[in-house]
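Below is one structure; the comments refer to it alone.
The values are calculated or read from the model by the stated rules, or taken from the named source; none is laboratory data. Because the structure is predicted, anything quoted here is derived from the model rather than measured. With ideal geometry, Cβ positions are generated from the backbone for all residues, glycine too; neighbour counts draw on all protein chains shown. Side chains included, ligands, DNA and RNA excluded: accessible areas come from the protein's heavy atoms. Shrake-Rupley method; radii C 1.70, N 1.55, O 1.52, S 1.80 Å.
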Amino acid sequence: MAEVTVVGGGVVGLTCALELARAGHEVRCVRDQPVAETVSAVAGGLWFPYHVEPRDRVVAWGAVALTRFADLASDPASGVMMREGLLVERGSADRWWTTSVPSWREASAAELPPGATGGVVATVPLVTMPVFLPWLEAQCVDAAVEFEQAHVSSLDDLEGDVVVVAAGLRSGALVDDDAGMPSRGQVALLENPGLTRWLIDDDHPDGLLYVLPHPGWVVCGGTDVSGSWDTEPDPQVHAAIVQRVRDAVPALAAARVIGPRVGLRPVAPEVSLTASDVGGRTVVTNHGHGGAGVTLSWGCAEEVVRLVEEAVRVSPSRPAVDPRAGS
Ligand SMILES: Cc1cc2nc3c(=O)[nH]c(=O)nc-3n(C[C@H](O)[C@H](O)[C@H](O)COP(=O)(O)OP(=O)(O)OC[C@H]3O[C@@H](n4cnc5c(N)ncnc54)[C@H](O)[C@@H]3O)c2cc1C
């Protein structure tokens, strides 16, 4: 058993903390924001590897997470559902992501919007983040994860045999890695008139378009603006998203608009998931998940547990207890 400090309490940090605690480690999770204020709380919650690399590892992590979410879908309290939907293709059909998906088929011509060249109909997890994140926190508490609300300026200030850096966009500052950058995502929430199928049409001529129907509301997108740190909703962008999704999905024409939301995707050339020795202690990184932090969460958490256990095996920081001692 190791003492592990996880920095970050979004979907990535919480899944790591939970998996480590369930594996028998003593886990503390330090975060400086309530979970409802994280980027994770803005996520549309669809299992889909959007704006993330490298593909070979993404496919493997995504497959693990898909299976875990599919199991959770039998528990309504988790906020996870399995939902069928359509990915529209315009031009080349880049279907690398389907490697992780057990249930998908070619879309029929009747299912495609004007201008589409093809499409994939798939059944994947759709995670209602305002339900899932508190559920995940509660699971952590049940697994004896200790929470601390604090800002971490330096990893040197933290206790533990191992530190896991899962601090989203701000991870780089803690591990001296400047490869990450934000990609601003603005979405519009509309009341759900009864939709259940999701839709992604990311090469739509009017701009990125997606419709993710949750119980009660629909997350409608969106934007993906690299390098922008602006977290204020833009009213013009909001109006354009609402118009775009209403044109694409007529059932939304009369749906009440709840309002805009903005989050900064933690984009990097590649997800950083490595273990290294920093001043005699193992630091495991788990950041740079771009538009796929939910999609990869459980898969990356499983790998974090493996890295932590390898590190502890290689250099046990505490003396092993000799069962004969004192006899
Ligand atoms: C509009 C939008 C839609 C999206 N839709 C999807 C989707 O449908 N599917 C999907 O898979 N992904 C989606 N994403 C991407 C997803 O939201 C992110 O990849 C994911 O939330 C990243 O999670 P995280 O836990 O790494 O970071 P965050 O959620 O940002 O959490 C970071 C945590 O680290 C803590 N922290 C940071 N720095 C410090 C510090 N110095 N000290 C202490 N604590 C610190 C914060 O308090 C917080 O708890 C979307 C993103 C956006 C913006």
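If the chain between residue 239 and residue 253 were fully stretched, how many nm would it gain, using 0.36 nm times the residue separation less the Cα-Cα distance?
Extra length available between residue 239 and residue 253 comes to 3.7 nm.
More than 31 angstrom separation, counting every C-alpha pair in the chain; what % is that?
Of all Cα-Cα distances in the chain, 32 percent exceed 31 Å.
Could you go through the stretch 43-53 in sequence order and give the Karplus-derived ³J(HN,Hα) for each residue, using 6.51 cos²θ - 1.76 cosθ + 1.60 with θ = phi - 60°, rounded to whole Hz, and x for Gly and Pro?
4, x, x, 7, 6, 6, x, 9, 6, 8, 9
Based on the Cβ-Cβ distance from residue 1 to residue 84, what FRET efficiency comes out when R0 is 35 Å, to the nearest 0.05?
0.25
Can you give me the long-range amide H partners of residue 184? Hydrogens built in the peptide plane at 1.01 Å from N, cutoff under 5 Å, separation of 5 or more residues or another chain.
HN-HN under 5 Å from residue 184: 225, 226, 227, 228, 265.
Extension gain residue 206-residue 108, at 0.36 nm per residue separation less the Cα-Cα distance, in nm?
33.0 nm
Arrange the residues 129, 82 by how much accessible surface each exposes, largest first, with a 1.4 angstrom probe.
My answer, sorted largest first, is 82, 129.
With N set to the residue count of the stretch 104-230, report its C-alpha Rg divided by 2.2 N^0.38 Å to two decimal places.
That ratio works out to 1.43.
Based on the mean of other Cβ atoms within 10 Å per residue, sort peptides 287-296, 259-268 so the most packed one is first.
287-296, 259-268
So if the hydrodynamic radius of the stretch 184-327 is defined as the Kirkwood radius over C-alpha pairs, what does Stokes-Einstein give as its diffusion coefficient at 10 °C and 1.306 mPa s, in µm² per second?
For the chosen part, D equals 86 µm²/s.
Which ³J(HN,Hα) values in Hz, rounded to whole numbers, follow from the phi angles of the stretch 300-309 under the Karplus curve 6.51 cos²θ - 1.76 cosθ + 1.60, where θ = phi - 60° and Gly and Pro get x?
Here the 3J(HN,Hα) series is 5, 4, 4, 5, 4, 4, 4, 5, 4, 5 Hz.
Please list, short to long, the whole-number percent of alpha-carbon pairs of the stretch 5-84 in consecutive 5 angstrom bins beginning at zero.
Going out from 0 Å in 5 Å bins, the stretch 5-84 shows 3, 12, 18, 23, 25, 16, 3, 0 percent.
For the stretch 119-252, which whole percent of the accessible surface, found with a 1.4 angstrom probe, sits on carbon and sulfur atoms?
51 percent
Which whole-percent values make up P(r) of the stretch 145-216 when all C-alpha to C-alpha distances are grouped in 5 Å steps starting at zero?
Computed distribution, short to long bins: 3, 10, 15, 14, 9, 11, 12, 13, 10, 3, 0.
Apply the Karplus curve 6.51 cos²θ - 1.76 cosθ + 1.60, θ = phi - 60°, to the phi angles in the stretch 110-117 and return the couplings in whole Hz, x for Gly and Pro.
With coefficients 6.51, -1.76 and 1.60, one gets 5, 8, 8, x, x, x, 6, 9 Hz.
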